[in-house]
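Scroll down for the structure; my scribbles are underneath it.
The values are calculated or read from the model by the stated rules, or taken from the named source; none is laboratory data. Predicted model only: the values in this text are computed from it and were never measured. Backbone-built Cβ (ideal geometry, glycine too); neighbour counts: all protein chains shown. Areas reflect the complete protein model, heavy atoms only, side chains present, ligands, DNA and RNA absent. Shrake-Rupley method; radii C 1.70, N 1.55, O 1.52, S 1.80 Å.
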Amino acid sequence: MIKIKIKKQNASDDDVIISDLFFKSGEYVEEGDIIFGYETSKADFEFETVNSGFLYYNFSVGDSVQVQTDVAYLSEIELNSDEIKKLFPVSEETNFSE
């Protein structure tokens, strides 16, 4: 399992806003695919994978996510709903994307 984190782009940004989703959670992505876009206080960025696998994230366009935290995962195998729930413990703030 590969953890995906958004790197801190600016010293003053503790979170970013998700601007685009190019894949649905659970889809297979190839190395080099751009999987989502995000905005900082100063610029827009796109996140490109460096590995292939099944993509799992729990955010939607417009959501604010913290930098340096696990925001998504790539898995070599397709996960069932119970395994996905273990990746993203459900809370009132958790939002599972389509």
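Of all residues in the range 56-87, those that are of a type in the set (A, V, I, L, M, F, W, C), touching a residue at least 40 places away in the same chain (Cβ under 8 Å) and open to solvent by 40 Å² or more (accessible area, probe 1.4 Å) total 1.
Please find, within the range 35-55, the residue that is nearest to Ile77 (Cα to Cα) out of those that are open to solvent by 80 Å² or more (accessible area, probe 1.4 Å) and acidic (Asp, Glu).
Filtering first and then ranking leaves Glu48.
So Ile35 fits all but one of (1) in a strand (DSSP E or B); (2) farther than 21 Å from Phe88 by Cβ; what number is the exception? Only one criterion is unmet by Ile35, namely (2). Taking the range 10-34 as the range and being under 14 Å from Val71 (Cβ atoms) and open to solvent by 80 Å² or more (accessible area, probe 1.4 Å) as the test, only Asp14 passes. Go through the range 43-67 residue by residue and tally those that are in contact with an Asp or Glu (Cβ under 9 Å, 6 or more places away or on another chain), closer than 19 Å to Asn10 by Cβ and in a loop (DSSP other than H, G, I, E, B). Residues that pass the stated criteria total 1. Remark: pairs (first residue in the range 8-29, among the hydroxyl-bearing types (Ser, Thr, Tyr) and modelled with pLDDT of 95 or more; second residue open to solvent by 30 Å² or more (accessible area, probe 1.4 Å) and part of a loop (DSSP other than H, G, I, E, B); Cβ separation under 7 Å; 6+ apart in sequence or on different chains) = Ser19/Val61.
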